[in-house]
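Here is the structure we will look at, set down as structure tokens.
The values are calculated or read from the model by the stated rules, or taken from the named source; none is laboratory data. None of these values were measured; they are calculated from a predicted model. Counting neighbours? That spans all protein chains shown, and the Cβs are built from the backbone with ideal geometry, glycine included.
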Amino acid sequence: MPIHVHLPDHSLRELPEGATGLDLARSIGPRLLEAALAIRVNGALQDLSLPLVDGAQVAIVTGKDPEGLDILRHSTAHLLAQAVKRLFPKGKVGIGPVIEDGFYYDFQVDPFFTPEDLVAIEVEMRGLVEADLPLCREELIKPCTVQRFKALGEPLKAELAAELPEGETITGYRQGDFFDLCRGPHVPSTGKLKAFKLLHTAAAYWKGDEKNVQLCRIYGTAFATQKELDEHLARLEEARARDHRKLGKELGLFSFHPEAPASPFFHAKGAVIYNELLAYLRSLYRRRGYQEVITPQALDVAMWKTSGHYEKYKDNMYFTEVDEREYALKPMNCPTHCLIYNTARPSYRELPIRYADFGRIHRYERSGVTQGLTRVRTFCQDDGHIVCTPEQMKPEMAAFFAFLREVYATFGFTEVRVALSTRPEQRLGSDTVWDDAENALAEALQEAGMAYHINPGEGAFYGPKIEFQVLDALRRPWQLGTLQVDYSMPARFGMKYVKADGTEGTPVMLHRAILGSLERFMGILIEHCAGAFPVWLAPVQVAVLPITDRANAYAQAIRERALDLDIRVELDLRNEKVNAKIRDAQLQQIPYMLVLGDREATDGTVSVRHRRDGNLGAQPLETFLETLLTEMRERRR
């Protein structure tokens, strides 16, 4: 008896009883059959090899679909594991999930894989693709699954199987001589996996626990077509060239030292950028009514118990003891602002109060997750807290959205993605309070006309938050700003204000940041502009390059004039050819170079070169300086 299935174009297709997704794709045409990776049946993904049911809503999934790309990558992870087991049979397999832009697979091997090993593994993978091995789904019960992996000599997989719920159907996939634990779905055969690349290795701990065995993780990526893979690899190459760790060293901006792990040392040039960012934000704060405060770094643990950090966040905090009292280095500024607020009892007329704080904070990050400037243990946030009445929340949020957009536009971040992160499992406050906070944020976004998506369970322990993501020059997303509604901390610290009727009310605290961590933002900015900072941020804005000793006195006079105008200038009096001086200045990404010879010294002019546009010709010194000052003042990109 035939079955009938409904296609995405609302047409009805008749198939023989027992027909599979693969049969459906074949009936539609050879191009779809070639592209088919899985099928969606009544909204659920399943293997093409499974039979269809009468009356189902079905859609063939290809590499053009996000789900299809994930299936392709996860299947390639299985392909990688099979190749490793063939070449390194003593190795033990761990897990191999899909991640953003690719996949990884963990292996217990000794020694770890070398770059040459990755080449050999890739060759073996391509041989398995040529073999076009079918991926066959198998259903098992828990005891049989555990025993099967033990018999295969795979203790890590046996451990995972033993942790699965009793009575639950367990699925695995076999491809040739390789079997893996997986819920699927997967591509129908290895022949579908033609565009992939193994990228690099890294150390990882089993289940992410430093107490467990250390594994070798192989990272890779896969795409539906070779063209897409080639484009992705080109982007990765460009990203490597822009890597802030590489450029930070080349440009003399910062360094790291084992004496203070995951804590950056900013050199003189890096400190210039850092301080210019602070000066820029301070200029904006003054116009928007923020009060900058300075608060201690080490505070009594009793305060952190009041705030809830000791209960919910202590694993990320540093502790010390002085005079038989236990202290903690602050991981956040908010509780200290509560203490400042409580030194007075403001009336509703004095609210909102907007605090800004550039104090250094410390958070313990495990060594396995720290990375350059983007994940450190000590940093400064452009931190702010707005204490207001419930009625003032919406206008304050709208003002913050406008503030944030202005700052991002200054740095060329014109595309901003927004997410609303809701209540986590571990949190302070009642569900009613969380309902109010989440609704307030959602309504503010809707009234501002800002599209957003929900990140379930990703809020802070004291309140939900809006997260703002920007896309850099390579269109990579970076999370920067946040806005959080907090009813809990004002209540826990007994914060009050005098209402219009003379009674006391509890204010709301809005936690907000725009750049987030300055250290992290600098890392992102370095990669965004590939080290070529806009003039107002450049550590050295002008290089003065005399080409003859006879121009040295004039060059020195230009340097003094520039310094008087607060222009960051560098004078190169080395006995080098001018081309070498220009090359070195360009390598240091100095925006402007002034080349000086006898003619310039006589005429009082400068021959101007730009790091990107090349020779701009000769012009009077004062004309150049005025143009430069305008560019700095307007913070042009």
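Just a few scattered comments:
- Identity of the residue in segment 490-501, under 26 Å from H309 (Cβ atoms) and not in a loop (DSSP other than H, G, I, E, B), that ends up farthest from the chain's Cα centre (by Cα): Y497
- Residues of segment 149-171 that turn out to be under 28 Å from L37 (Cα atoms) and in contact with a strand residue (DSSP E or B) (Cβ under 8 Å, 6 or more places away or on another chain), as a count: 8
- Segment 218-229 residues that are in contact (Cβ under 8 Å) with a residue 12 or more places away in the chain, paired with ones that are part of a helix (DSSP H, G or I) and of a type in the set (A, V, I, L, M, F, W, C) (beta carbon under 6 Å, 6 or more apart): A222/L72; F223/L229
- You will find that of R235, R137, R240, the residue that is closer than 18 Å to H78 by Cβ and surrounded by fewer than 20 Cβ atoms within 10 Å (Cβ to Cβ) is R137 and no other.
- Within the option set E396, E415, E406, E425, being in the same structural domain as G463 (by TED's automatic domain parsing) and under 30 Å from K496 (Cβ atoms) holds for one residue only, E396.
- Any hit, segment 447-457, residues being polar (S, T, N, Q), closer than 24 Å to W536 by Cβ and in contact (Cβ under 8 Å) with a residue 24 or more places away in the chain: no
- Count of segment 302-325 residues which are of a type outside the set (S, T, N, Q), surrounded by 18 or more Cβ atoms within 10 Å (Cβ to Cβ) and touching a helix residue (DSSP H, G or I) at 6+ places or on another chain (Cβ under 6 Å): 2
- Any hit, segment 253-270, residues being among the polar types (S, T, N, Q), surrounded by fewer than 17 Cβ atoms within 10 Å (Cβ to Cβ), in the same structural domain as T76 (by TED's automatic domain parsing) and part of a loop (DSSP other than H, G, I, E, B): no
- Of V5, V53, all but one fail to be more than 23 Å from D180 (Cα to Cα) and either of a type in the set (K, R) or not in a loop (DSSP other than H, G, I, E, B) (or both); the exception is V5.
- Test result for A440, out of contact with any strand residue (DSSP E or B) (no Cβ under 6 Å at 6 or more places or on another chain), assigned by TED's automatic domain parsing to the domain that holds T343, over 30 Å from A234 (Cα atoms) and not in a strand (DSSP E or B): no
- Condition check for R26: more than 38 Å from the chain's Cα centre (by Cα), surrounded by fewer than 18 Cβ atoms within 10 Å (Cβ to Cβ) and part of a strand (DSSP E or B): no
- Taking residues in segment 616-636 that are on the phi > 0 side of the Ramachandran plot, and partners anywhere that are among the polar types (S, T, N, Q), the pairs with Cβ atoms closer than 6 Å and at least 6 places apart or on different chains are R635/T410.
- Matching helices (runs of 4 or more DSSP H) fully within segment 92-171 where at least 1 residues are touching a residue at least 60 places away in the same chain (Cβ under 8 Å) and under 20 Å from K207 (Cα atoms): 155-162
One line per residue, one yes/no per condition, for (1) in contact (Cβ under 8 Å) with a residue 12 or more places away in the chain; (2) within 30 Å of G429 (Cα to Cα); (3) of a type in the set (D, E, K, R):
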position	(1), (2), (3)
Q469	yes, yes, no
A473	yes, no, no
D486	yes, yes, yes
A491	yes, yes, no
T503	no, yes, no
L510	yes, yes, no
I524	yes, no, no
V535	yes, no, no
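- Counting only residues that are more than 22 Å from the chain's Cα centre (by Cα), of a type outside the set (K, R) and over 30 Å from K92 (Cα atoms), segment 214-253 holds 7 of them.
- Single unsatisfied condition, E443 versus (1) of a type in the set (D, E); (2) crowded, with 16+ Cβ neighbours inside 10 Å; (3) farther than 26 Å from R635 by Cβ: (2)
- The set of residues from segment 276-296 being among the polar types (S, T, N, Q) and either surrounded by 14 or more Cβ atoms within 10 Å (Cβ to Cβ) or assigned to a strand (DSSP E or B) (or both) comprises Q291, T295.
- Criterion (within 36 Å of the chain's Cα centre (by Cα) and of a type in the set (D, E, K, R)) met by exactly one of D132, D54, D110: D110
- Against the test of being of a type outside the set (D, E, K, R) and more than 24 Å from V387 (Cα to Cα), the options A298, A271, A302 yield a single qualifying residue, A271.
- Meets criteria (more than 19 Å from A356 (Cβ to Cβ) and surrounded by fewer than 16 Cβ atoms within 10 Å (Cβ to Cβ)) for T414: yes
- Whichever residue in segment 595-637 is hydroxyl-bearing (S, T, Y) and in a helix (DSSP H, G or I) and, among such residues, is farthest from I526 (Cα to Cα): T602
- Filtered residues of segment 398-454 (kept if modelled with pLDDT under 90, in contact with a Leu (Cβ under 9 Å, 6 or more places away or on another chain) and more than 30 Å from S283 (Cβ to Cβ)): none
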